[in-house]
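Step one of this worksheet: look at the structure below.
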Amino acid sequence: MELPCDLPQLISDVETEESKASGVLRVCLIMIGGELFAIDLRQVREVFELESVTPVPGMPASLVGVANLRGTIVPLADLRQSLGAALSTTPRYVIVVRHKVHQIGLLIDEVPEIRAIYPEDMLDSPGSSVNGGRPFLSQLVRVEDRVSGMLEIPSLLASVEEAATDMNMSERR
């Protein structure tokens, strides 16, 4: 899952002075299992159509395999079960997200939409249970007349890495 440390800077990495001052957050809206989620746009590398998944034995349950993206092997995660989303949908796309030098592809239902989220659309209140028992959600945001959970990419990647390490440790015993 590691990438070279000299990742190219993406346009989405650059936060304008205007957006910093106004508190506007640019997000990528995705559908997983028919439910709406948001990802900070600065953590999105790209989106591609899912053609095939190569299963890899001994991977953690959340990882369904890998895909070859122009010569780069990308681990693929299906978060439907861990997010409590419907398993009846068939993911057709992959959104590659990153944090520092780690990246992972998330299986999603539809091509994502980019949207600006304003401070008044942030629904997280102090002391509330933001994720409602769902891992990887950091806060709730209002998108038009719907509520969306913000996916916490660093937590997601840490969880996958921890599960892989645990599996490697148990195999050695």
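The values are calculated or read from the model by the stated rules, or taken from the named source; none is laboratory data. On a predicted model such as this, the values are computed, not experimentally measured, just so you know. Methodologically, a virtual Cβ is constructed for each residue, glycine included, from the backbone with ideal geometry; neighbour enumeration extends over all protein chains shown.
Name, by its number, the condition in (1) under 18 Å from GLU152 (Cα atoms); (2) modelled with pLDDT of 95 or more that does not hold for GLY33. Condition (2) is where GLY33 drops out. Tell me, yes or no, whether segment 45-55 has at least one residue that is free of Cβ contacts under 8 Å to residues at least 40 places away in the same chain, more than 12 Å from VAL96 (Cβ to Cβ), of a type in the set (Ser, Thr, Tyr) and outside any strand (DSSP E or B). Yes; the residues of segment 45-55 include at least one that is free of Cβ contacts under 8 Å to residues at least 40 places away in the same chain, more than 12 Å from VAL96 (Cβ to Cβ), of a type in the set (Ser, Thr, Tyr) and outside any strand (DSSP E or B).
Annotation note: of VAL64, VAL27, the sole residue that is at pLDDT 90 or above and farther than 16 Å from ARG92 by Cα is VAL27. Annotation: ALA85 fulfils all but one of (1) part of a loop (DSSP other than H, G, I, E, B); (2) surrounded by fewer than 18 Cβ atoms within 10 Å (Cβ to Cβ); the unmet one is (2). SER62: hydroxyl-bearing (Ser, Thr, Tyr), under 16 Å from the mean Cα position of the chain (by Cα) and within 15 Å of MET150 (Cα to Cα), yes or no? So SER62 fails the test.
Considering the conditions (1) modelled with pLDDT of 85 or more; (2) over 16 Å from VAL44 (Cα atoms), ALA164 is excluded by exactly one of them, (1). How many of the residues in segment 100-135 are more than 21 Å from GLU49 (Cβ to Cβ), surrounded by 12 or more Cβ atoms within 10 Å (Cβ to Cβ) and modelled with pLDDT of 90 or more? The total comes to 5.
Return yes or no: is PHE48 under 16 Å from the mean Cα position of the chain (by Cα) and modelled with pLDDT under 85?
On the way: under 16 Å from the mean Cα position of the chain (by Cα): yes; modelled with pLDDT under 85: no.
Taking the combined requirement at face value, the residue does not satisfy it.
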